[in-house]
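Quick notes on the structure that follows.
None of the figures in this text is laboratory data; all of them are computed from the coordinates on show. In this text the structure is predicted, and so the values were computed from the model without any measurement. As a convention, Cβ positions derive from the backbone with ideal geometry for all residues, glycine included, and neighbour counts pool all protein chains shown.
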Amino acid sequence: MLIPSIDLMDGKIVQLVQGQRKALEFDDFEEWIVRFASYPLVQLIDLNAALRNGNNRALLDRFTTRLVCQVGGGIRSLQDATDVLARGAKRIILGSVLIKDNAIDLTTAEEFAEHFGSERLTFAVDSKAGQVAIQGWRETTSIS
């Protein structure tokens, strides 16, 4: 299944190059909602939350009320996940929270799976120069 992705930053839709430089920026949300309406699942990534620089949670509602979405970026706790699901997300995406001491933290993965059910989870891995990148691409690990 092809899952289109929308990255949100500072209240806009953006495309960043490796989590740093903005390549594109849009504020016409309706255009993107219509464009992706035929997909069975759309991915929303809150880059501000991933970077620990605020969040775009209020903006999520515009998408999750009209599209079936999985949402990631800055989900670091069960409460964060609960909040995102309460805003209408069908699934949550976990990334950095699953990496601890340069290894995959299976205990955290199991905790989220027990709490929400594995069918509501997507585990994501970002890569930079062949290494697993975390914290919004700002850090790389020794995991390859």
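Could you state the number of Å between the C-alpha centres of the stretch 1-56 and the stretch 82-131? So the two Cα centres are separated by 18 Å.
GNM on the chain, alpha-carbon springs under 10 angstrom: the most fluctuating residue among Ile104, Ile45, Ile93 is Ile104. Taking label positions 7 Å along the Cα-Cβ direction at both Gln131 and Glu25, the computed distance is 3.0 nm, reported to one decimal. Cross-link partners of Lys22 among lysines, defined as those whose alpha carbon lies under 23 angstrom from its own and excluding same-chain residues fewer than eight positions apart: Lys12, Lys128.
Neighbours of Leu94, meaning other residues whose beta-carbon lies under 15 angstrom from its beta-carbon, give a summed charge of -4 when Lys and Arg score +1 and Asp and Glu score -1.
Arg66 to Ser118: FRET efficiency via 1/(1 + (r/R0)^6), r the Cβ-Cβ distance, R0 35 Å, to the nearest 0.05?
Working: r = 26 Å, r/R0 = 0.74.
The calculated FRET efficiency here is 0.85.
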